[in-house]
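Structure, as structure tokens:
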Amino acid sequence: MILSMTGFGRSTVKAGSISYTAEIKSVNSKNLDLSIRVPGNFKLREAEIRGLLASGLVRGKIDFNLSTTAV
């Protein structure tokens, strides 16, 4: 398990004609505070994304952003 609560990560994946970029930022906080932004077509899966993030994180203020662009 990662012990530091401060960090930033970005990853991009191309699938067909769409590019997906995921960014995550974390700062120190006593509790887990998730903020999630996803495109409209992912809103139905937002709870699933939140659950995946929460299962691997213990605490911190987390900002997660998923964006898509046509290639």
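Data table
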quantity: J(HN,Hα) series, the stretch 5-13, from Karplus relation 6.51 cos²θ - 1.76 cosθ + 1.60, nearest Hz, glycine and proline x; calculated: 9, 10, x, 8, x, 9, 9, 10, 10
quantity: Under Karplus coefficients 6.51, -1.76 and 1.60, residue-wise ³J(HN,Hα) of the stretch 58-69 in Hz, glycine/proline x; calculated: 9, 7, x, 8, 10, 10, 10, 10, 10, 10, 10, 9
quantity: Cut-off of 10 Å, at most 16 other beta carbons, DSSP loop: longest stretch of the chain lacking such trypsin sites (Lys or Arg not before Pro); calculated: 1-29
quantity: Percent carbon-and-sulfur accessible area, the chain, ignoring ligands, DNA and RNA, probe 1.4 Å; calculated: 56 percent
quantity: Heavy-atom accessible area per residue - the chain, 1.4 Å, Å²; calculated: 73 Å²
quantity: Projected-area average for the chain over all orientations - Cα convex hull basis, square nanometres; calculated: 4.9 nm²
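The values are calculated or read from the model by the stated rules, or taken from the named source; none is laboratory data. This is a predicted model, so every value here is computed, not measured. Counting neighbours? That spans all protein chains shown, and the Cβs are built from the backbone with ideal geometry, glycine included. Ligands, DNA and RNA are excluded from the accessible area calculation, which covers all protein heavy atoms including side chains. Shrake-Rupley method; radii C 1.70, N 1.55, O 1.52, S 1.80 Å.
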